[in-house]
Amino acid sequence: MPATVVVGTQWGDEGKGRVIDNLAEKSRMVVRFQGGNNAGHTIVTEEGEFKFHLVPSGILYPQVTAVIGNGVVVDPRVLCEEIDSLKARGYSCENLRLSGNAHLIMPYHILLDAAIETTLGRRKIGTTKRGIGPCYTDKAARIGIRVQDLLDKKILRQKLDTAIGLKNDLLEKVYNSPGVDPFEVMEQYARFADELSPYIADTSLLIDKALKRGEQVLFEGAQGTLLDIDHGTYPFVTSSNPIAGAACVGAGVGPTRIEEVIGVCKAYTTRVGEGPFPTELSGELGDHFVKTGVEYGTTTGRRRRCGWLDLVILKYAVRLSGITGLAITKLDVLSGLDQLNVCSMYEYEHDGAHENYIDFPPHQSIFYHCQPVYQNLPGWKEDITGARKLADLPQEARDYLDLIAEEAGVPVKIVSVGPGRDQIVEV
Ligand code: GDP
Ligand code: IMO
Ligand code: MG
């Protein structure tokens with residue numbers, strides 16, 4: 001499978017990093033194509049835990065070229081820190097490449113992210129406050145600063161002067177908060193330029209060459225389908241497109257080059273930040289998932305909201321990304337529950353009328369007010385963290401996987417039963 005896109009099918013944190021790590025062993029390139037350091041992708045190896053925010057999760061393999069594509073928004077401070085911390089653990093990062101067309105997150109983006117959230121008050125999005133939205137805003141407004149601008153300090157200074165003039169006005173006059181010091185920012189970014197310039201490359205061309213050589217290339221999605229700015233639970237979304245089509249735009253490859261799309265789906269559902277979540281659980285069961293699944297955000301440390309698996313959103317993800325196979329993660333977290341609920345439909349009561357939705361509702365107001373309709377399945381008691389083939393799983397767990405595959409209409413190709421590299425059930 002030479003060109004494979006890996007995407008999240010829910011609200012992020014499905015275990016994409018862990019699945020990429022599994023597939024990267026047999027790959028030559030891993031490409032991030034959207035999002036920024038709002039992402040937190042965890043990999044657990046014999047050497048301990050790695051949390052990646054910007055560096056593609058394939059970096060740990062020496063044969064992998066790790067590419068940050070043009071569609072990513074890059075906070076150079078975070079990238080430099082990530083490179084330094086990898087170097088400190090013995091990874092040279094010589095195989096890292098950064099697109100010159102990627103946009104830079106600037107200090108004023110981070111300040112604006114926080115100021116906008118404060119202004120929204122009760123209507124806030126619950127962003128990661130990493131400056132993601134304001135950076136994509138400037139990209140679309142054509143006043144962004146790109147990685148390639150770091151290569152020419154004169155151009156960098158000119159662009160910074162214009163941008164900081166505008167942004168300081170906004171921060172000081174609209175949001176009543178302090179702006180940034182242009183000299184300080186120039187000095188800081190000139191330092192980042194020196195550190196990052198060795199990694200800057202024509203990444204679209206590199207990917208094209210790898211594909212022409214017949215090498216396996218993975219495209220690593222960040223966030224998840226329901227956080228997609230066009231198709232997700234707007235406005236409670238991120239500012240990019242985490243669905244598979246975005247891999248083409250955000251990496252610079254044509255759609256005919258993509259052959260496989262793996263949808264990563266947690267065996268239950270989680271969400272961080274605000275917004276609707278039909279299968280959300282409160283009380284003891286919700287706490288059970290938080291505790292057993294260690295559901296705290298990789299980037300912000302926030303407690304993740306937890307709920308039952310939602311097949312309506314999974315089917316939606318399959319449709320939007322053309323998913324050809326599923327990776328089901330955290331199946332082990334369901335062990336010990338007497339009964340499992342799986343949402344297969346929504347009910348919506350409105351003005352005395354009753355409607356059922358087996359497909360994702362077309363309007364947010366419906367999604368906001370709909371009620372999940374559950375199928376009940378028997379749970380299993382066994383610890384399954386040692387399972388390595390389907391036959392090692394209890395019948396109830398296999399039935400659970402069969403139901404997912406049947407309803408989603410695509411096969412389950414990978415099952416994960418623990419965070420460790422070997423805790424994979426090959427299907
Ligand atoms: P990502 O953002 O999609 O890459 O996911 P995160 O890394 O934010 O969150 C997934 C968390 O679940 C990480 O802490 C992983 O180590 C952990 N994890 C991944 N797969 C499994 C699994 O099958 N079982 C358990 N118990 N933990 C897992
Ligand atoms: P990974 O790649 C889970 C959520 C935030 C917030 C919304 C907008 O680890 O799956 P933003 O900072 O992007 O403007 O915040 O999106 N969010 C994530 N939730 N996992 C992520 O990434 C996320 N990245 C952003 O919590 O609700
Ligand atoms: Mg994450």
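The values are calculated or read from the model by the stated rules, or taken from the named source; none is laboratory data. Note that this is a predicted model, so its numbers are computed, not measured. Cβ coordinates were reconstructed from backbone atoms using ideal geometry, including for glycine residues, and neighbour counts include every protein chain displayed. Heavy atoms of the whole protein, side chains included, go into the accessibility calculation; ligands, DNA and RNA do not. Shrake-Rupley method; radii C 1.70, N 1.55, O 1.52, S 1.80 Å.
Only sites in a loop by DSSP and with at most 12 other Cβ atoms within 10 Å count here; which GluC sites (Glu not before Pro) in segment 86-184 make the cut? Could the numbers behind the result be given before it?
Working: sites: 94, 117, 172, 184; in loops: 94.
Passing sites in segment 86-184 are 94.
A Gaussian network model of the chain, with springs between Cα atoms under 10 Å, assigns the largest mean-square fluctuation among 165, 379, 325 to 165.
Rounded, prolate or oblate: pick one for segment 1-121, where a ≥ b ≥ c are the square roots of the eigenvalues of its C-alpha gyration tensor, a/c under 1.5 means rounded, and failing that, prolate if a/b is larger than b/c, else oblate. Please list the in-between numbers first.
Details: a/c = 1.73, a/b = 1.52, b/c = 1.13.
Prolate shape, in that a/c is at least 1.5 and a/b is the bigger ratio.
Listed by chain and number, the aspartates and glutamates whose alpha-carbon sits under 19 Å from that of residue 381, ignoring those within fewer than 8 places in the same chain, are 284, 287, 332, 338, 392, 396, 399, 402. When DSSP beta bridges are restricted to pairs lying wholly in the chain, around 45% turn out antiparallel. Each Cα pair under 8 Å and six or more residues apart adds its sequence gap; the mean of these over the residue count of the chain is a relative contact order of 20 percent.
Straight-line cross-link reach from residue 209 at under 30 Å between alpha-carbon atoms covers these lysines, not counting any fewer than eight positions away in the same chain: 16, 26, 51, 87, 139, 413. All Cα-Cα separations within the chain were binned at 10 Å from zero, giving a P(r) of 5, 22, 31, 25, 13, 4, 0, each value a whole percent of the pairs. Helix 311-321 and the longest principal axis of the C-alpha atoms of the chain enclose an angle of approximately 40°.
Over the chain, what percent of the accessible surface lies on carbon and sulfur atoms, probe 1.4 Å?
Values: 9010 of 17770 Å².
C and S atoms contribute 51 percent here.
Computed from backbone phi, the HN-Hα couplings of segment 179-193 come to x, 10, 8, x, 5, 4, 5, 4, 4, 4, 6, 5, 5, 4, 4 Hz, rounded to whole numbers (Karplus: 6.51 cos²θ - 1.76 cosθ + 1.60, θ = phi - 60°; Gly and Pro given as x). What is the local net charge at residue 174, summed over the other residues whose Cβ is closer than 15 Å to its Cβ (Lys, Arg +1; Asp, Glu -1)? For residues surrounding residue 174, the net value is -2. Our summary gives segment 107-244 a relative contact order of 21 percent, counting only alpha carbon pairs under 8 angstrom and 6 or more residues apart.
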